[in-house]
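S.K.: Pasting in a structure now, in structure tokens, and then I'll have a few things to ask.
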Amino acid sequence: MDKSTFKYIGKRLVMSAITLMIIVFVLFVMLKLMPGTPFNDEKLTETQKALIYAKYGFDKPIWEQFVVYFKNMLSGDFGISYGISRNLPVSSLVLPRISISFGIGLAAVILGTILGILLGIFAALNRNTVWDSLSTVVAVFGVSIPSFVFCLILLIIFGVKMPALPILYNSSHPIKSAIIPVIALSVSVIANVARFTRSEMIEVMESDYILLAESKGLDRRTLIKKHALRNTLVPIITVLAPILVALMTGSMVIEQICGIPGLGSLLVQAITVNDYNVTMAVAFIYSVMYVVIMLLVDILYGIIDPRIRLGKESSNE
């Protein structure tokens, strides 16, 4: 990589760090301005509440509370839980759940991407036929119907009517318990990737260099495999980046339905009981994931196609 590439990456890293700092500040202020506190017990007197607030620093100005929190966060200390498991370190609640949520989300993305690419290619190669129309219908249904609806349907069919899979998450059988959530979450991925792959594949197949290669008698299978497919897959990175994070954040309802002990269910529980530190930690993890994934995509695109990097640099100047 040349000097301009390192400069480009450095700028993106600085911008990502600033973005995360702004996100932390906004989240902190919003939580503090929300009505209620983690200590809404009616049995507590005003004197007892004042003592508790003083103990946890709630009696200090918001800016001072933020400075203390931010300093501790930089050292990896996200504080303690106020409501879910009082006085338990937030890291003890969050860390065991990251692998569960990430594992289910990643499996859904992989399954959805593979099936979506295959469906999109199939639709593009059978353009304006019955098969193309059926593929479009599947994609529309996948985008229109929420993932939790598919999850409920699968639970009724394979958990109640034909009890082959567990209805609720069982830590003793994590893979079997994750089958229904993964399939339900992958439906939207299949639909989005299939639509994008189809349009990109059609555009590539109608490009001049493909038509020229075809006119020279190049085998159609070789043409698709070595030329059309390769140029179609590169832009899909742009679609997959936000989808991965969307699955992580959008799986909250499914985690609640299936009793999955993941980050989504923890976030819902933390918001319900006004557990500031747990809410901040989970929201920050989601933010880091999104920023990091988009940063990687940005850097990869800048390396693969220097015109993108030069275009962004010129627009910033």
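S.K.: Residues 68, 90, 24: which one is loosely packed, with under 14 Cβ neighbours inside 10 Å, out of contact with any strand residue (DSSP E or B) (no Cβ under 6 Å at 6 or more places or on another chain) and at pLDDT 85 or above? I'd like the intermediate steps shown before the answer.
M.R.: Numbers: 90 fails: loosely packed, with under 14 Cβ neighbours inside 10 Å; 24 fails: loosely packed, with under 14 Cβ neighbours inside 10 Å.
So the residue among 68, 90, 24 that is loosely packed, with under 14 Cβ neighbours inside 10 Å, out of contact with any strand residue (DSSP E or B) (no Cβ under 6 Å at 6 or more places or on another chain) and at pLDDT 85 or above is 68.
Per-residue answers, yes or no, for (1) of a type in the set (A, V, I, L, M, F, W, C); (2) at pLDDT 90 or above; (3) under 28 Å from residue 259 (Cα atoms):
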| residue | (1), (2), (3) |
| --- | --- |
| 1 | yes, no, no |
| 56 | no, no, no |
| 84 | yes, no, yes |
| 107 | yes, no, yes |
| 115 | yes, yes, yes |
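S.K.: Okay, next question. Among the listed residues 69, 53, 82, identify the single one that is among the aromatic types (Phe, Trp, Tyr) and in contact with a Pro (Cβ under 6 Å, 6 or more places away or on another chain). Outline the logic, then answer.
M.R.: On the way: 69 fails: in contact with a Pro (Cβ under 6 Å, 6 or more places away or on another chain); 53 fails: in contact with a Pro (Cβ under 6 Å, 6 or more places away or on another chain).
Of the residues listed, the single one that is among the aromatic types (Phe, Trp, Tyr) and in contact with a Pro (Cβ under 6 Å, 6 or more places away or on another chain) is 82.
S.K.: When you scan region 288-301, do you find a residue that is in contact with a Leu (Cβ under 7 Å, 6 or more places away or on another chain), at pLDDT 70 or above and under 30 Å from residue 40 (Cα atoms), even just one? Reasoning before the result, please.
M.R.: Kept after step one, since they are in contact with a Leu (Cβ under 7 Å, 6 or more places away or on another chain), are these residues of region 288-301: 288, 291, 293.
With at pLDDT 70 or above added as a condition, the list becomes 288, 291, 293.
After this cut, where a residue has to be under 30 Å from residue 40 (Cα atoms) as well, the list is none.
No, the conditions are met nowhere in region 288-301.
S.K.: Right, next: Collect the residues in region 157-173 that are surrounded by 14 or more Cβ atoms within 10 Å (Cβ to Cβ) and part of a loop (DSSP other than H, G, I, E, B), keeping them in residue-number order.
M.R.: 165, 166, 167, 169
S.K.: Those residues that are free of Cβ contacts under 8 Å to residues at least 40 places away in the same chain, surrounded by 14 or more Cβ atoms within 10 Å (Cβ to Cβ) and either of a type in the set (Val, Ile, Thr) or more than 18 Å from residue 280 (Cα to Cα) (or both), I need them from region 30-58; list them, please.
M.R.: Quick first cut of region 30-58, residues free of Cβ contacts under 8 Å to residues at least 40 places away in the same chain only: 30, 33, 35, 41-58.
Narrowing further to those that are surrounded by 14 or more Cβ atoms within 10 Å (Cβ to Cβ): 49, 52-53, 56, 58.
Across region 30-58, the qualifying residues are 49, 52, 53.
S.K.: Shifting gears a bit: What residue, of 260, 254, is modelled with pLDDT of 80 or more, surrounded by 20 or more Cβ atoms within 10 Å (Cβ to Cβ) and not in a helix (DSSP H, G or I)?
M.R.: On inspection, the qualifying residue turns out to be 260.
S.K.: Return only the number of the condition from (1) within 30 Å of residue 277 (Cβ to Cβ); (2) buried (at least 17 other Cβ atoms within 10 Å of the Cβ) that residue 96 does not satisfy.
M.R.: Answer for residue 96: the failing condition is (2).
S.K.: What is the number of the single condition among (1) part of a helix (DSSP H, G or I); (2) out of contact with any helix residue (DSSP H, G or I) (no Cβ under 8 Å at 6 or more places or on another chain) that residue 142 does not meet?
M.R.: Looking at each condition in turn, residue 142 falls short on (2).
S.K.: Considering region 171-224 alone, what residues qualify as being modelled with pLDDT under 80 and among the small types (Gly, Ala, Ser)?
M.R.: Correct list: 207, 213, 215, 217.
S.K.: Within region 59-72, does at least one residue satisfy the condition of being in contact with a Phe, Trp or Tyr (Cβ under 9 Å, 6 or more places away or on another chain), farther than 17 Å from residue 27 by Cβ and touching a residue at least 12 places away in the same chain (Cβ under 8 Å)?
M.R.: Scanning region 59-72, I find no residue that is in contact with a Phe, Trp or Tyr (Cβ under 9 Å, 6 or more places away or on another chain), farther than 17 Å from residue 27 by Cβ and touching a residue at least 12 places away in the same chain (Cβ under 8 Å), so the answer is no.
S.K.: Here is a further query. Quickly run through region 121-131 and pick out the residues that are assigned to a helix (DSSP H, G or I), surrounded by fewer than 18 Cβ atoms within 10 Å (Cβ to Cβ) and touching a residue at least 60 places away in the same chain (Cβ under 8 Å). If you could, list the steps in order and put the result at the bottom.
M.R.: So in region 121-131, the residues assigned to a helix (DSSP H, G or I) come out as 121-125, 130-131.
With surrounded by fewer than 18 Cβ atoms within 10 Å (Cβ to Cβ) added as a condition, the list becomes 122, 125, 130-131.
125 - this is the single residue of region 121-131 that is assigned to a helix (DSSP H, G or I), surrounded by fewer than 18 Cβ atoms within 10 Å (Cβ to Cβ) and touching a residue at least 60 places away in the same chain (Cβ under 8 Å).
The values are calculated or read from the model by the stated rules, or taken from the named source; none is laboratory data. These numbers come from a predicted model, not from an experiment. No Cβ is skipped: glycine too gets one built from the backbone with ideal geometry, and neighbour counts run over all protein chains shown.
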